[in-house]
Each structure stands twice: as C-alpha cells, then as structure tokens.
1. Need the list of lysines near residue A:11 for cross-linking: C-alpha distance under 24 angstrom, and skip anything on the same chain fewer than eight residues off.
2. How far is the Cα center of region C:77-123 from the Cα center of region A:52-101, in Å?
3. Would you list the membrane-span-like helices of chain A, meaning whole DSSP H runs whose alpha-carbon atoms span at least 24 Å along their axis and whose mean Kyte-Doolittle value is at least -0.5?
4. Under the rule of -39500 (n - 2.57) per DSSP H run of 4 or more residues, summed and divided by the residues of the protein assembly as shown, what mean residue ellipticity at 222 nm is obtained, to the nearest 500 deg cm²/dmol?
5. 7 Å from Cα along Cα→Cβ at both residue B:133 and residue A:35: what's the point-to-point distance in nm?
6. I need the calculated FRET efficiency for the pair residue B:58 and residue A:93, taking r as the beta carbon distance and R₀ as 41 Å, to the nearest 0.05.
7. With charges set only on the Cβ (+1 for Lys and Arg, -1 for Asp and Glu), what does the dipole of the protein assembly as shown come to about its Cα centre, in debye to the nearest 20?
8. At 1.4 Å probe size, put B:102, B:97 in order of accessible surface, largest to smallest.
Amino acid sequence: MPLVRISLNKKTPAFAHGVADAIHHAMTETIGIPVGDRFQIITQHEAGELIYDPSFYDIQRTDGFIAVQITLAAGRTREVKTNLYRRITELLQERQDVRPQDVFISLLEVAPEDFSLGDGKAQFADALPPHLQKLQATADQSAPHKH
Amino acid sequence: MPLVRISLNKKTPAFAHGVADAIHHAMTETIGIPVGDRFQIITQHEAGELIYDPSFYDIQRTDGFIAVQITLAAGRTREVKTNLYRRITELLQERQDVRPQDVFISLLEVAPEDFSLGDGKAQFADALPPHLQKLQATADQSAPHKH
Amino acid sequence: MPLVRISLNKKTPAFAHGVADAIHHAMTETIGIPVGDRFQIITQHEAGELIYDPSFYDIQRTDGFIAVQITLAAGRTREVKTNLYRRITELLQERQDVRPQDVFISLLEVAPEDFSLGDGKAQFADALPPHLQKLQATADQSAPHKH
C-alpha cells in the first residue's frame, strides 16, 4: 500500500533496482508491511537535476544523494519511523554501498481510504488490512507518544 | 486545483495523453471539479523503473501498470473516493484498453490554501470555489461518515 | 527540510537551475528556512507530458508552465503561504523571465518527524530546529487564523 518514489542520479539499472530492493526490505522489517506490498517509482536524473545542500545539519552529502518519498498509512509512531530511517540507510549501505549521509527520506501520511491497489476499489476503506491492525494494536500498547 | 501525477511505462505520446484524458474525465464526473481544472504531470518510465507486485491483494498486475497520485482538497467522502477509483479504471479500460488491475491510485489531501493556480496568489485561501462549496454541502447532507 | 519537486518543459540546464535557485531564494525569504536547507528535484519533461489548462480561473498559461510541489513542515499561516507564492513568482519572473501566470504551486504539509535529512535519523523528531521554533512563536503571536 505504500507508494515509494525514489530519485537518484543515473548509474546502472542494476544499481537502481538494488536500491529499490533495499528500501523495500527495510520497510517490511520496520513498518510491518507484507513482502508483497511493493509499489515503487524510480526516477533517474541527469547531472544537475537533483539538488542537495552538501553540508546542511552537519551531514556531508555527495552526488550519491538519493531522495526517497514514501506515501503510507498514517499512524506509525516516532519510534517506528526512526527505525525505518535507520534500517533503510543501513541496508542501502550494506548492499549498494550508499553513504548513510546521502539518504534523504520524506514521509507523506494518508488515510487508508486514500489508496486503491487496483480494480478501481478502495481496498482499505471499510476494513484495515491485518498488518495495519496489528501495527495499530502494538502502537496502542507500547508507544507513549503515538499520534 | 488537483495536481495529478501519472507514472507509466513508455508507450506512445498518444497513449499517454489518452490516459491523462481518461483520468481527467473521471475526475470531472466524480469529484465535481470543473472541466478547466486540469493540471497533470506525466512521467514515462524505462523498463525496470516502475516496480509493482504482480499479485498483492489477489490483483494480477502487468507491465501495463499505471500509478496515479492525486493531490486534492481534503473533504471528499469515502463514497466519492470510491466512485473516483472506479470511474478512473472504467474509463481507462474503455478508452485505452488499460486493465483495471493495473491501475494504482493514491490520494494526497491538502487544505485549499495549499494551492496557487498561478499569478502568485492563493486563490482558495479566503473563499472556496463554487464546486468545492457545492461538494461540501452535498457531503454535509448525505454522508454518514465524511471526515 | 522541505523537499521541492519542480516540473518543467525541457529548456537548458542553466534555465532549470536558475528556476530552482529562484524558488529556493523565495523560500528562505518567506518561510524562514536556512539557506542551507535545500533539497530539490527537477524533472524536465518532453512536449505533451506537462498538461495544464490554458485559462482556468482566468489565468492565461503557456508552455512555460512550471509546477512546483513543496513538502514542508506544517504550521505556516495563510499569510506566510501567500507570501511564499508571491515571492516565488516574483523571483522567477525577475531572474528567469517566467510569466507569473505559468507558476502552479502545491504544498504538502507534514510533521517534523516525517523527515530524515540523512544518516538514518529523524533529526526533528524530538526537537524542532531553531527556524521552525521561531516561525511557530511568530505565528502564535500574530496570526488570527493560523491552523
């Protein structure tokens, strides 16, 4: 159900796909989505199209910069979001040699009814899928500042 | 006022434009926007850049996959959103032979003041346009679970 | 921290970069972000990929059309947003000869914890950066209809 936009400077198709794989793997590990819940849009850019500050917040960035924007169901706790950020950068570094400093992530939270997975239906309008129900239950029990 | 991002595998310019036409037509029919309220960004992708699960939620997807993300004023009811999803896929199938299973839709709801249609002004900051006023009035009367 | 997507018809790299510069300058002047807080994604389109209505809301648009979508921390007042729209179009006109009518802007508001600037951390999850604290304080004092 999340929709993931990945923007990076053009390297090879294998690199781009490896980046997408790593991000998806991190999402399944940290935000509780099923392995099959994968919808990603890769945009490969020419020199000059991806603009980043090379040192904002004391983070040294290079042309290996990757911007990831994830549209997902609202309700993950701060802890879960932080875990997501950490795991995405860990797996990108381990598998694709991406520098953690080069990974910029932005989340867009929406209601479950704001997705259609196909067939012209709002699959989540009337009932949350199991993984979101479970996530919500966990959050209710343990998170002091869920929102 | 809605901003529509359409991501698809590269076919022909005529196909891409036909897809955009169908989506816009469906929006005018279901969410009450004027015909002139059309702002769409088409991104045509190379093989491997659009990644989708071929069977998540028992929906069989192919490389005809199209991802549509619509930024629009908040407040449509679940019924209206469901009508929108259904009509987009119907018209895409009728006009462009797109399989309904291949149509993924994501909505991003925003405040009216979060749009500028041009001229550096926030056209909807102080007064809602007629079509949004009408939509809201209808929603107030008939929807048990508007949000 | 804002993530800025800029979509325009392909001209020259210098033009595209000048557009991005003007937008960033306008943001630093009106929404209080530091100069270093710059993250922009430019997508240059082929003919037919950027679709706009040529006269909706009595604004005459041309193929110089530019769509800007800014993901930013929630909480700017309507006045600040209106200032942002006006200043973006002013600087685009002054520096790059872009017609004000051709500038479409969309904002996506998110929570501070919904950004990671790098290193796999949620830099703003526990404490707002100084410029957002200051902005918020100003808003609290002066804005009759902040939201």
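The values are calculated or read from the model by the stated rules, or taken from the named source; none is laboratory data. None of these values were measured; they are calculated from a predicted model. We place every Cβ from the backbone using ideal geometry, glycine too, and count neighbours over all the protein chains shown. To get the accessible areas, we keep the full protein, side chains included, count just its heavy atoms, and leave off ligands, DNA and RNA. Shrake-Rupley method; radii C 1.70, N 1.55, O 1.52, S 1.80 Å.
1. B:10, B:11, C:10, C:11
2. What the calculation gives is 22 Å, centre to centre.
3. Qualifying helices: A:13-30.
4. Working: 9 runs with 150 residues, N = 441.
-11500 deg cm²/dmol, from helical runs alone.
5. 5.5 nm
6. The pair residue B:58/residue A:93 has a calculated efficiency of 0.70.
7. On the way: 45 positive and 57 negative charges, 44 e Å.
Rounded to the nearest 20 debye, it is 200 debye.
8. Correct descending sequence by accessible area is B:97, B:102.
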